[in-house]
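Asks: Pasting a structure below so you can have a look.
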Amino acid sequence: MLPYALIRPFLFALDAENAHDLTLRLLTIANVVGLPHSSLPPVKPVEIMGLQFPNRVGLAAGLDKNGIAVDGLARLGFGFLELGTVTPRPQPGNPKPRLFRLPEYQAIINRMGFNNAGVDALCEQLGKARYKGILGINIGKNFDTPIEHAADDYLLCLAKAYPLASYITVNISSPNTKNLRQLQDTDELDALLRSLKSSQTVLADKHGKYVPLVLKIAPDLHSRQITNIADTVRRHRIDGVIATNTTLSREGVQASPLAGEAGGLSGSPLFAKSTAVVRELARALAGELPIIAAGGITSGQRAQEKLDAGAALVQIYSGLIYQGPQLVAECIEATYI
């Protein structure tokens, strides 16, 4: 396979979303033609949430919303893959353009808006995949579902994804669906998690397996909000927390001509902010449940810094766009503890 340094200029010459779509097609082709798997350190499993992860480095949600390149992504060596976000019904997402590179900052701004083919389409794709590793499915609400009925969307997705998932992530932190982050407020979060845990109990009995529930939170939280979220997830015995989603802040990229674009900022400028949330959340949770850290991981050293802040696992996405697949191996090597 060609080194990423040779492929990247071609991809960066394309519109960002077209390059994204092409990358998924290339990953699918690589799997079909049987290109070799990435060279990685020996497997050193770690048990988190009752699951055996072959390494601590996962793919964050957003790259493959519809599960079309699962087997190709598995060839990159990830310890786990997270797909989605998926919603009950298909939706086109926000108008284009909606994905912007900021190469001088190794950053991305996106306002995709949960564009996806719907949970049924994802489940159908997963039925065709050969991948047998740890699989997370990230679920959300449709843009036109009133916020007071959001739980209905999450419960429907949970029921449909449950048989296929190793764990399920409840995404209440995307900045690109109107009012979604309101679900992080204590009362709304309490009601949502109560419904989800009740459904999880029923589904575990029905399917004969326990699928952990994970909550994905925003980086734009103050200390009291983080403490309240920690108290709420503990009370409802949620199995883990992903910290964090993208940020509405433009700190670190103010000079970019794209800084005024609406959407969530990811990539290198998010690292300090998201890591601070991981550190504060780890203090609040006091080891009672694991944290999966995402946000600004562009090197193995940064992956290790997330673990040092209190995370048990890490996820990458934007860093892949700038560093390429070799980032996976680098992060695995750095977190091989």
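Asks: Can you tell me which condition Asp120 does not meet? The list is (1) on the phi > 0 side of the Ramachandran plot; (2) open to solvent by 60 Å² or more (accessible area, probe 1.4 Å), and all the others hold.
Replies: Going through the list (1) on the phi > 0 side of the Ramachandran plot; (2) open to solvent by 60 Å² or more (accessible area, probe 1.4 Å), Asp120 breaks only (1).
Asks: Suppose we filter segment 64-88 for residues that are farther than 9 Å from Leu122 by Cα, of a type in the set (Gly, Ala, Ser) and crowded, with 23+ Cβ neighbours inside 10 Å; how many remain?
Replies: 2
Asks: Does Asn228 satisfy the criteria of being in contact (Cβ under 8 Å) with a residue 12 or more places away in the chain and assigned to a loop (DSSP other than H, G, I, E, B)? Reasoning before the result, please.
Replies: Working: in contact (Cβ under 8 Å) with a residue 12 or more places away in the chain: yes; assigned to a loop (DSSP other than H, G, I, E, B): no.
So Asn228 does not fit the description; no.
Asks: Got a sec? Which of Leu83, Leu156 is part of a helix (DSSP H, G or I) and either more than 15 Å from the chain's Cα centre (by Cα) or closer than 23 Å to Gly50 by Cβ (or both)? Walk me through it before giving the result.
Replies: Details: Leu83 fails: part of a helix (DSSP H, G or I).
From the options Leu83, Leu156, the qualifying one is Leu156.
Asks: Looking at Gly140, Gly93, Gly84, Gly133, which is the one that is in contact with a Phe, Trp or Tyr (Cβ under 7 Å, 6 or more places away or on another chain) and within 30 Å of Thr227 (Cα to Cα)?
Replies: Result of the check over Gly140, Gly93, Gly84, Gly133: Gly140.
Asks: Which residue, of Thr145, Thr169, is surrounded by fewer than 24 Cβ atoms within 10 Å (Cβ to Cβ), within 27 Å of Val233 (Cα to Cα) and at pLDDT 95 or above?
Replies: That would be Thr145, the only listed residue that is surrounded by fewer than 24 Cβ atoms within 10 Å (Cβ to Cβ), within 27 Å of Val233 (Cα to Cα) and at pLDDT 95 or above.
Asks: Within segment 9-31, count every residue that is more than 16 Å from Arg98 (Cα to Cα), at pLDDT 95 or above and charged (D, E, K, R).
Replies: Total satisfying the criteria: 0.
Asks: Could you check, for segment 236-251, whether at least one of its residues is without any contact (Cβ under 8 Å) to a residue 12 or more places away in the chain and of a type outside the set (Lys, Arg)?
Replies: Checked segment 236-251: no residue is without any contact (Cβ under 8 Å) to a residue 12 or more places away in the chain and of a type outside the set (Lys, Arg).
Asks: Tell me, please, whether a residue that is part of a loop (DSSP other than H, G, I, E, B) and either open to solvent by less than 50 Å² (accessible area, probe 1.4 Å) or at pLDDT 95 or above (or both) can be found in segment 187-207.
Replies: no
The values are calculated or read from the model by the stated rules, or taken from the named source; none is laboratory data. Model, not experiment: these values are computed from the prediction. Backbone-built Cβ (ideal geometry, glycine too); neighbour counts: all protein chains shown. With ligands, DNA and RNA removed, areas are computed over all heavy atoms of the protein, side chains included. Shrake-Rupley method; radii C 1.70, N 1.55, O 1.52, S 1.80 Å.
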